Amino acid sequence: MFALALVAGCATPPPADDKEAMVEWEQVNDPLEPMNRTVFAFNQAVDKALLKPLAQAYREAVPPYGRDRVRDFLNNLRSPIILANDILQGAPDRAVQTLMRFAFNTGFGIGGLFDLAGASGIPYHDEDFGQTFAVWGIGEGPYLVLPIIGPSNPRDGVGLVAEWLGDPVNLYIDRVGEDWAMWTRSGLAGIDKRESLLDTLDEVERTSLDYYSAIRALYRQRRDAEIKNSLGEKPTPGMNVSSAGGLSNESH
């Protein structure tokens, strides 16, 4: 059914002799736009009915200091995945940095509640399997909006599955039969992420002529920066997305 939806959702490309339209088509990289917009609308409905209110309630109930502790704890739990991707990307210096952060924060930061390593000059960095696949030369594929998860692409989607199945923390939780802890972690991470984006997404939606296009452009810009960072390159400068909603790189 999903394969049929993909075929049905494919938008028709412009005529091959319209070079300007073809360049724009390839740059946007969204041949599944009709289907993506449908999923995007579904995600927006879920967000407005559930996710955003939860994030707002979380912000109201938990002061910034408490939210920082939760975020530091969640970041520390990601250390094994980050370490694995550092190694798979051939970045030994970053792998040592991740290992030192994990050991220091787990041992002296009360299980990661306090980012003492960051305060000591060992900054946090995040890596995922989507970035690793990009470093290996695997193309992103077409833009794809996933239910609940949101903006993605086939490469990052496979990366999410690999992370979920291979996360040592999740594997341990599953082995000891405490599945509630795994789902609690995922839910808390989602609420924390949504809370961190409350103001940004409200501003993007308020200033966008087409909210879908703006989110698409900003997602691809952010992933470009993250992948360039993994490759040791500088992000593409000044990616202007004004045509997708009146936003520039500075707005993001």
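The values are calculated or read from the model by the stated rules, or taken from the named source; none is laboratory data. What you see is a predicted model; the values in this text were computed from it and never measured. As a convention, Cβ positions derive from the backbone with ideal geometry for all residues, glycine included, and neighbour counts pool all protein chains shown. Ligands, DNA and RNA are stripped out before the accessible areas are found, and what is left, the full protein with its side chains, is counted by its heavy atoms. Shrake-Rupley method; radii C 1.70, N 1.55, O 1.52, S 1.80 Å.
Would it be correct to say that LEU51 is surrounded by fewer than 20 Cβ atoms within 10 Å (Cβ to Cβ) and touching a Gly at 6+ places or on another chain (Cβ under 8 Å)? So LEU51 fits the description; yes.
So ILE227 clears everything in (1) open to solvent by less than 60 Å² (accessible area, probe 1.4 Å); (2) without any contact (Cβ under 8 Å) to a residue 12 or more places away in the chain except one condition, right? Which one? Condition (2) is where ILE227 drops out. When VAL204, VAL161 are checked against the criterion of being farther than 22 Å from ALA91 by Cα and in contact with a Ser or Thr (Cβ under 8 Å, 6 or more places away or on another chain), VAL204 stands alone in meeting it.
To keep it simple, each residue is scored yes or no on (1) modelled with pLDDT of 95 or more; (2) within 20 Å of the chain's Cα centre (by Cα).
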| site | (1), (2) |
| --- | --- |
| ALA11 | no, no |
| PHE42 | yes, yes |
| TYR58 | yes, no |
| VAL62 | yes, no |
| ASP68 | yes, yes |
| PHE73 | yes, yes |
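For VAL145, the test of being modelled with pLDDT of 90 or more, in contact with a Phe, Trp or Tyr (Cβ under 9 Å, 6 or more places away or on another chain) and farther than 21 Å from ALA45 by Cα is failed.
Restricted to segment 200-214, and to residues there that are among the aliphatic types (A, V, I, L, M) and either more than 24 Å from ARG71 (Cα to Cα) or without any contact (Cβ under 8 Å) to a residue 40 or more places away in the chain (or both), the residue that is least open to solvent (accessible area, probe 1.4 Å) is ALA214. In segment 87-103, the residues that are open to solvent by 80 Å² or more (accessible area, probe 1.4 Å) form Cβ pairs under 7 Å with partners that are assigned to a helix (DSSP H, G or I), at six or more places apart or across chains, as follows: ILE87/ALA95; LEU99/LEU83; MET100/ALA117. Contact map, segment 173-199: residues that are hydroxyl-bearing (Ser, Thr, Tyr) and open to solvent by less than 70 Å² (accessible area, probe 1.4 Å) paired with residues that are modelled with pLDDT under 95 and not in a helix (DSSP H, G or I), Cβ distance under 9 Å, separation 6+ or inter-chain. No pairs are found.
Before we move on, is LEU113 closer than 29 Å to ASP47 by Cα, open to solvent by 40 Å² or more (accessible area, probe 1.4 Å), of a type outside the set (Val, Ile, Thr) and at pLDDT 95 or above? So LEU113 fits the description; yes. For segment 151-170, the tally of residues that are in contact with a helix residue (DSSP H, G or I) (Cβ under 7 Å, 6 or more places away or on another chain), at pLDDT 95 or above, open to solvent by less than 30 Å² (accessible area, probe 1.4 Å) and not charged (D, E, K, R) stands at 1.
Looking at segment 125-143, which of its residues are within 20 Å of LEU218 (Cβ to Cβ), under 13 Å from the mean Cα position of the chain (by Cα) and open to solvent by less than 40 Å² (accessible area, probe 1.4 Å)? Of everything in segment 125-143, those that are within 20 Å of LEU218 (Cβ to Cβ), under 13 Å from the mean Cα position of the chain (by Cα) and open to solvent by less than 40 Å² (accessible area, probe 1.4 Å) turn out to be ASP128, GLY130, GLN131.
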